[in-house]
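Q: Input: one structure, supplied below.
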Amino acid sequence: EQETKNDPEFSEKLARLADVYINDAFAVSHRAHASVEGVAKLVEQRGAGFLLQKEMDYFFQAMGNPVRPLTALIGGAKVSSKLGALENMLDRVDRMIIGGAMANTFLKSQGVDVGASLVEDDLLEAAREFISRAEEKGVRLYMPIDFVVADSFSPDAVTKSVTFRDIPDSWMALDIGPATVIYFKEAIADAKTIVWNGPMGAFEMDAFARGTMALCHAVAASHALSITGGGDSNAAIKKAGVSAEISYMSTGGGAFLQLMEGKTLPGVEVLGS
């Protein structure tokens, strides 16, 4: 690489590469790829496009200096993919709702039998420590108190609603239950800022979509600045038909999550260097 840079012919080609570089691709700005970071370093005049600037403005409005109370809704399948974001947000949020399959790991860490539900057993200790840190920091955690459970992961499975302590051994929790919807709405009702990443259940199947759909409508009906990020979260909002009532739907999943983890984005950082 160094030999190429010292090659006069190569340097001349670089000089003709471009006069200005604009990055307007927030969704890939967390990747240090050639088109995201490499090319930008070779162009003297570089900056952010309108979309990228809007993404960053909304995120920092919500997380940098939010109007409180700030409520975070974190869902999805795995704790492992969002542990960094969860830990970073403990220093920022007033309330945190944990749903989706990842809630099973937190509940099991507290001695709850979650039946055949998806659990990351290697993260039980991390979940226990997280709950303790949240209590120390005064962040109120909201976790499911009932579930819609099924005897199999399929649209035509036998389903029923049970409390979080009554999940049958061979059944799995696939959506939050009606009591949890009411409970979670409490954290949303008077929120002034809401950040949402990850659904509350397997909303792709109608049998397990009611919990997520109910929260979509609750967030839409709130008077908060509401920001959603991630493909599943945005898909749920669209399925609920409330896209117009959400303040901002981020175009990036991985990039949005990386910001939630408190990390910088290579594609954004290079624009200011």
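The values are calculated or read from the model by the stated rules, or taken from the named source; none is laboratory data. Source: prediction; values computed, not measured. Counting neighbours? That spans all protein chains shown, and the Cβs are built from the backbone with ideal geometry, glycine included. We work out accessible area using only protein heavy atoms, side chains counted, and drop any ligands, DNA or RNA first. Shrake-Rupley method; radii C 1.70, N 1.55, O 1.52, S 1.80 Å.
Q: Only one residue in 215, 271, 225, 265 is more than 17 Å from residue 81 (Cβ to Cβ) and either in contact with a Gly (Cβ under 7 Å, 6 or more places away or on another chain) or open to solvent by 40 Å² or more (accessible area, probe 1.4 Å) (or both). Which one?
A: Result of the check over 215, 271, 225, 265: 271.
Q: Here's a follow-up. Among the candidates 13, 54, single out the residue that is in a helix (DSSP H, G or I) and at pLDDT 90 or above.
A: It is 54.
Q: Just the residues that are of a type in the set (Val, Ile, Thr) and without any contact (Cβ under 8 Å) to a residue 60 or more places away in the chain, please, taken from the stretch 238-273.
A: 242, 246, 264
Q: Show me the helices (runs of 4 or more DSSP H) found entirely inside the stretch 215-273 where at least 2 residues are under 16 Å from the mean Cα position of the chain (by Cα).
A: The helices (runs of 4 or more DSSP H) meeting that bar are 231-240, 254-260.
Q: Which strands (runs of 3 or more DSSP E) sit wholly inside the stretch 114-207 and have at least 3 residues that are crowded, with 22+ Cβ neighbours inside 10 Å and more than 19 Å from the chain's Cα centre (by Cα)?
A: By residue number, 146-150.
Q: Moving on. Quick check: anything in the stretch 78-88 more than 28 Å from residue 23 (Cα to Cα) and either in contact with a Pro (Cβ under 9 Å, 6 or more places away or on another chain) or of a type in the set (S, T, N, Q) (or both)?
A: yes
Q: Could you figure out which of (1) modelled with pLDDT of 95 or more; (2) more than 28 Å from residue 150 (Cβ to Cβ) isn't true of residue 266?
A: Residue 266 satisfies every listed condition except (1).
Q: Take the residues of the stretch 85-103 that are in a helix (DSSP H, G or I) and open to solvent by 10 Å² or more (accessible area, probe 1.4 Å): which is farthest from residue 262 (Cα to Cα)? Write out each step before concluding.
A: To start, the set of residues in the stretch 85-103 that are in a helix (DSSP H, G or I) comprises 85-89, 102-103.
Those still in the list that are open to solvent by 10 Å² or more (accessible area, probe 1.4 Å) too: 87-88.
On the way: 87: 9, 88: 6 Å.
Filtering first and then ranking leaves 87.
Q: For the stretch 24-46, enumerate the residues that are more than 18 Å from residue 230 (Cβ to Cβ) and either touching a Leu at 6+ places or on another chain (Cβ under 6 Å) or open to solvent by 60 Å² or more (accessible area, probe 1.4 Å) (or both). Give the steps one after another, and end with the answer.
A: At the first step, the residues of the stretch 24-46 found to be more than 18 Å from residue 230 (Cβ to Cβ) are 24, 32-46.
Listed by number, the residues that qualify are 24, 32, 33, 34, 35, 41, 42, 44, 45, 46.
Q: For the structure I just gave you, tell me whether residue 76 is outside any helix (DSSP H, G or I), at positive phi and either under 21 Å from the mean Cα position of the chain (by Cα) or small (Gly, Ala, Ser) (or both).
A: It is true that residue 76 is outside any helix (DSSP H, G or I), at positive phi and either under 21 Å from the mean Cα position of the chain (by Cα) or small (Gly, Ala, Ser) (or both).
Q: Being within 23 Å of residue 53 (Cα to Cα) and acidic (Asp, Glu), is that true of even one residue in the stretch 172-181?
A: no
Q: Restricting attention to the stretch 104-113, report how many residues are crowded, with 21+ Cβ neighbours inside 10 Å and either of a type in the set (Asp, Glu) or in contact with a Pro (Cβ under 6 Å, 6 or more places away or on another chain) (or both).
A: 0
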